[in-house]
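Each remark here refers to the structure printed beneath this line.
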Amino acid sequence: MALARVERVTYAYPGAAAALRDVSLAVDPGEVVLLLGASGSGKSTLLRALAGLVPHFHGGRFEGRVEVCGHDTRKVRPSELAGTVAMLFQDPEEQVVLTRVVREVAFGLENIGTPPREIVPRALDALRTVGARHLAERPVAELSGGELQRVCLASTLALQPELLLLDEPTSQLDPESAEGLLELAKSSGAAIVFSEQRPDRALDVATRVVFLESGRVVLDEPIDRARDLLAANRPTWVSQTNFATDCCRVGEASVCRFSDASFAYTAGSPVVDRFDLELRRGELVVLAGPNGSGKTTIAKLAAGLLHAQGGTVERHGRAALLLQDPGHYVIRDRVDEEVALGVGGDRSRARAALAAVGLAGLERRHPRDLSSGERERLALASVLVIEPDLLVLDEPTRGVDPERKQELATLLRNGAATRATLIVTHDRPFAAAVADRTVTLEKGLTLAEPAYA
Amino acid sequence: MRPVAAVALLGAAVAAALLARHTISVGMLAVALVLVCLRAPRSRRWPYLVGTTLSALALFVITPFVETIGSHPLWVGPIVPVLGQLDVTREELWSALFQACRLAAVGFAFAAYALLLDHDRLLSGAGIARRSVLAVALATRLVPTLERDAGGLVDSLRGRGVAVEGVRRRAALMSPLLAGSLERGLNLAEAMEVRGYGRSGRTRIPAPPWTPTDVAGLAVAALLVVAGVAWL
């Protein structure tokens, strides 16, 4: 008997078009179901439907039926499903409630009425399972993004759910941490339904794939058959190394040069230590490395947002930096005004930049009314409009689906000749596809910086 | 030490500082509390320490000009409307030092409370309503989150070559900051609901048993108050 069953569900958020259209799905115990699909295709909404958050929390128009462990989600609130179902969201910052790690993990256990003497042992067991036992007494405010995501996973595993729902759980993690997190989730023994935008790793973990397009299920197959069908019909979802790009150019004039550059947020603990790098006009350089290796700090040094405390960072021309979080590009009330901020309010240039990223027609919308994928593109337009000599992009593919990544790669390559481009990314296939050369860091140490040909 | 005992100790230190009559006693209490605060991470403690020290210094400077006590003038100044004749006496200086030490002791005690205590355990242990516990915990997280969001908005502008200087430009960021905070609150509420918040029959982490250190902490707290009244 299926653990969870979705029967002909059609759902629309209040005042919006349908996010799910006639979706049917069954999840058996122990299955690991991977949800794929472009941004806005309905993956997160389907996960919320399985958790009962749709329609209870979000309202809207709901047709059909979702049954989880024998409970009809229309009749049972999400809080009543807690313990049977657990959900991990994309951004750990937006799901942490309490201030100490062990208390945070215990929060759900207290809510579901776990006998008091079992709460702490179960919380500590869950932390041990995810390799975070040593963090138990730490304040959550002092944890890194990767540590926080592990703590959030521990919070869900502590509930010992039968159905585990993961909404892009690895989007903020480096490849090694991401792989570890998915394996940990799988080892819990619960049935898992999860969405991912980096399918290469996720396909290795999944036993079944469901592909959504405009709210409809267009593929629902076991992993081997799904791989074949994706390879034939959606090749970028199986292998992202076939991006059409023109790599390995040799740069021209120097635009930015790091010479023995060092930077520390806390005295005595340098994040960047005697770093050397030259960026030339016409080339596209990828900066890779694990969480905490100083990539974002180097990006900010390159763009002039931070200043080297040792050595020098020279720049020739104008620099622009795209931050990781597109939620920071919501300062003005209209999309075109937001983009025009960087060019002194010139809306015609803003409109051209919006058209270049596929947002033509949305100029009058409020930035907060855009979907997550559209917000990513708005942020990109906000820096491209400047036409910088040095373009620095910090994790530009976070939360971006493979087809959009291909468009982004093409966009960056098409404009590469006019500027130097530095991309900070964990996304190895994307890096391999767009980079003229890759610089790999490990905790502030440069591992490999290929010389110019 | 459990948070309740630590709060009792800090409260007793504040009470002793307010009850004591000798400047040296209050000064020593303030120094002891600064040493306690130094256990907190440097990046977190400096706003509290600098803020309290500056406030105490300001009080020390202003008090002699607004108080009128003593008969040993050290300096006599002009007559100022409203304030009258400005002068500084030896007694006023001692009084100013005493008040400044008091303020410093109270400020450093609050800093130790804010920086070093586990507020989750303190409030749940005190048996206060769960909603209040959550409100305090979320408020505690709100400040650093807002700080980070504000930094992100400023960086997004600087990354586009837009300078963020002056009160007017910074004030313009308040609206997106507030909107972002509300959006974050909605996401947090969703995450809490899916973790069972609001369901009936909830339980609570059992409080750990009292240790000799906790009992000693309470005893020292009581002694401090008595000492403040009788000897300090």
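What follows is calculated from the coordinates using simple rules that are stated; it is not laboratory data. Please read all numbers here as calculations on a predicted model, not as lab measurements. All Cβ positions, glycine included, derive from the backbone under ideal geometry; neighbour counts span all protein chains shown.
The table below lists the values:
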{"quantity": "DSSP H segments from chain B that extend 24 Å or more along their own axis, Cα-based, with Kyte-Doolittle mean of -0.5 or above", "calculated": "B:42-66, B:90-116, B:130-158, B:174-194, B:212-230"}
{"quantity": "Distant-in-sequence amide H partners of A:M87 (H built 1.01 Å from N, under 5 Å)", "calculated": "A:L165"}
{"quantity": "Nearest-20 debye value, chain A charge dipole, Cβ charges on Lys, Arg, Asp, Glu", "calculated": "640"}
{"quantity": "Shape call, the range A:4-240: gyration tensor on alpha carbons, a/c limit 1.5", "calculated": "oblate"}
{"quantity": "Positive-end extreme of charge dipole, chain A - chosen from A:L163, A:G30, A:Y13 (charges on Cβ)", "calculated": "A:Y13"}
{"quantity": "Neighbouring partner chain Cβ atoms per residue of A:103-109, average, 10 Å criterion", "calculated": "5"}
{"quantity": "Sites B:E165 and B:T23, calculated FRET efficiency, Cβ-Cβ separation with R0 41 Å, nearest 0.05", "calculated": "0.40"}
{"quantity": "Per-residue ³J(HN,Hα) for the range A:209-219, Karplus 6.51 cos²θ - 1.76 cosθ + 1.60, θ = phi - 60°, Hz, x for Gly and Pro", "calculated": "10, 10, 10, 10, 9, 6, x, 10, 7, 10, 8"}
{"quantity": "Taking B:V66, B:V106 and counting other C-beta atoms within 10 Å, the order from fewest to most", "calculated": "B:V66, B:V106"}
{"quantity": "Which of A:K43, A:K300 has the fewest Cβ neighbours within 10 Å, and the rest in rising order", "calculated": "A:K300, A:K43"}
{"quantity": "Neighbouring partner chain Cβ atoms per residue of B:144-153, average, 10 Å criterion", "calculated": "3"}
{"quantity": "Relative contact order of chain B, defined on C-alpha pairs under 8 angstrom at six or more residues apart (%)", "calculated": "37"}
{"quantity": "Gyration tensor (alpha-carbon) shape descriptor, chain B, a/c threshold 1.5", "calculated": "oblate"}
{"quantity": "Relative contact order of chain A, defined on C-alpha pairs under 8 angstrom at six or more residues apart (%)", "calculated": "16"}
{"quantity": "Three-way shape label, the protein assembly as shown, alpha-carbon gyration tensor, a/c 1.5", "calculated": "oblate"}
{"quantity": "Value of D in µm² per second that Stokes-Einstein yields for the range A:250-341, Kirkwood Rh from Cα pairs, at 4 °C (1.567 mPa s)", "calculated": "88"}
{"quantity": "Calculated [θ] (222 nm, deg cm²/dmol) that DSSP helices of n ≥ 4 give over the protein assembly as shown, each run adding -39,500 (n - 2.57)", "calculated": "-14500 deg cm²/dmol"}
{"quantity": "For A:G37, residues with placed amide H under 5 Å, excluding near neighbours", "calculated": "A:L212"}
{"quantity": "Residue mean of other protein chain beta carbons inside 10 Å, A:72-85", "calculated": "3"}
{"quantity": "Distant-in-sequence amide H partners of A:F275 (H built 1.01 Å from N, under 5 Å)", "calculated": "A:D260, A:A261, A:S262"}
{"quantity": "Hits among lysines - C-alpha to C-alpha of A:K43 under 27 Å, sequence gap 8 or more where chains match", "calculated": "A:K75, A:K186, A:K405"}
{"quantity": "For B:S181, A:S371, B:S95, order by how many other beta-carbon atoms lie within 10 Å, fewest first", "calculated": "A:S371, B:S181, B:S95"}
{"quantity": "Estimated vicinal HN-Hα couplings, Hz - the range A:261-267 in sequence order (Karplus 6.51, -1.76, 1.60; Gly, Pro = x)", "calculated": "6, 10, 8, 9, 6, 10, 3"}
{"quantity": "A:T10 paired with B:V80, simple spin-label distance in nm, labels 7 Å along Cα-to-beta-carbon", "calculated": "7.7"}
